[in-house]
1. Determine if segment 87-96 includes at least one residue that is in a strand (DSSP E or B), touching a residue at least 60 places away in the same chain (Cβ under 8 Å) and either touching a strand residue (DSSP E or B) at 6+ places or on another chain (Cβ under 6 Å) or under 21 Å from residue 197 (Cα atoms) (or both).
2. Consider residue 190 carefully, then state whether it is modelled with pLDDT of 95 or more, in a loop (DSSP other than H, G, I, E, B) and out of contact with any helix residue (DSSP H, G or I) (no Cβ under 9 Å at 6 or more places or on another chain).
3. Within segment 199-215, which residues are farther than 15 Å from residue 59 by Cα and part of a strand (DSSP E or B)?
4. Of the residues that make up segment 162-174, is at least one surrounded by fewer than 19 Cβ atoms within 10 Å (Cβ to Cβ), in contact with a helix residue (DSSP H, G or I) (Cβ under 9 Å, 6 or more places away or on another chain) and modelled with pLDDT of 95 or more?
5. Pairs please, first residue from segment 141-163 and on the phi > 0 side of the Ramachandran plot, second anywhere and surrounded by 17 or more Cβ atoms within 10 Å (Cβ to Cβ), Cβ atoms under 7 Å, 6+ apart in sequence or on different chains.
6. I'd like the residue in segment 151-161 that is under 16 Å from the mean Cα position of the chain (by Cα) and part of a loop (DSSP other than H, G, I, E, B) and, out of all such residues, is nearest to residue 188 (Cα to Cα).
7. Any chance segment 114-128 includes a residue that's assigned to a loop (DSSP other than H, G, I, E, B), within 16 Å of the chain's Cα centre (by Cα) and closer than 22 Å to residue 187 by Cα?
8. Might you let me know whether segment 99-107 holds any residue that is touching a helix residue (DSSP H, G or I) at 6+ places or on another chain (Cβ under 9 Å) and at pLDDT 95 or above?
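The values are calculated or read from the model by the stated rules, or taken from the named source; none is laboratory data. Everything numeric in this text was worked out from a predicted model, so none of it was measured. Cβ placement follows ideal geometry from the backbone for every residue including glycine, while neighbour counts extend to all protein chains displayed.
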């Protein structure tokens, strides 16, 4: 049976897949967190699906417009509270989807640069969607990976155009990365998500330490 994912423009979203349509189909089932960046001002990014609002610690590091958020310097964007509800849902289901429409500012960012990260610091995380120059770099914690969620899932072809990217984790251990509707990486990840840390905050555009800046636009 095909699987169902969220797909909208423009946004960043986290959801739990449900049976149904494929990854390119627009839907809202299983949605846990949604940021549509509809506000053009202020220092809060509202979660339109739950209560996981984000706080912009350095407003001068971003440019807001209705429907977009551009990151130009380390923005200190993090969830107001830990993402416990999301973590509990992933622990129970073993499934997870990250989806975003983004435009990277360049193809020289590395570290990997943190597009989005649910992490403690640069060396410990539940997941990260990142950029390593012209490659996508996704790290996802299971009982069989390191605390850093490595080894990463890599895929080439990253550029500075507006891009739709979706990462999926199935409870069978299958992980896939879709870019503009096409599968660019597909493999098995051993272990389960029972060791996900519940007290971590979500971060956009950088690591919490400010050491893995990602420049670009959501």
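1. Step one: filter segment 87-96 for residues in a strand (DSSP E or B), giving 96.
With the extra rule that they be touching a residue at least 60 places away in the same chain (Cβ under 8 Å), the set shrinks to 96.
With either touching a strand residue (DSSP E or B) at 6+ places or on another chain (Cβ under 6 Å) or under 21 Å from residue 197 (Cα atoms) (or both) added as a condition, the list becomes 96.
Among the residues of segment 87-96, at least one is in a strand (DSSP E or B), touching a residue at least 60 places away in the same chain (Cβ under 8 Å) and either touching a strand residue (DSSP E or B) at 6+ places or on another chain (Cβ under 6 Å) or under 21 Å from residue 197 (Cα atoms) (or both), which makes the answer yes.
2. Values: modelled with pLDDT of 95 or more: yes; in a loop (DSSP other than H, G, I, E, B): yes; out of contact with any helix residue (DSSP H, G or I) (no Cβ under 9 Å at 6 or more places or on another chain): yes.
In short, yes.
3. 201, 202, listed by residue number.
4. Within segment 162-174, not a single residue is surrounded by fewer than 19 Cβ atoms within 10 Å (Cβ to Cβ), in contact with a helix residue (DSSP H, G or I) (Cβ under 9 Å, 6 or more places away or on another chain) and modelled with pLDDT of 95 or more.
5. 149/125; 149/127; 149/128; 149/139; 149/140; 149/141; 157/179; 157/184
6. Going through segment 151-161, the residues under 16 Å from the mean Cα position of the chain (by Cα) turn out to be 152-155, 158.
From the residues that got through so far, the ones that are part of a loop (DSSP other than H, G, I, E, B) too are 152, 158.
Details: 152: 12, 158: 22 Å.
Selected residue: 152.
7. So the first thing to find is which residues in segment 114-128 are assigned to a loop (DSSP other than H, G, I, E, B), and the list is 122-123.
Filter once more, keeping what is within 16 Å of the chain's Cα centre (by Cα): 122.
Among the residues that remain, those that are also closer than 22 Å to residue 187 by Cα are: none.
No, segment 114-128 contains no residue that is assigned to a loop (DSSP other than H, G, I, E, B), within 16 Å of the chain's Cα centre (by Cα) and closer than 22 Å to residue 187 by Cα.
8. The initial filter retains those residues of segment 99-107 that are touching a helix residue (DSSP H, G or I) at 6+ places or on another chain (Cβ under 9 Å), namely none.
Within segment 99-107 (the criterion being touching a helix residue (DSSP H, G or I) at 6+ places or on another chain (Cβ under 9 Å) and at pLDDT 95 or above), the answer is no, since none of the residues qualifies.
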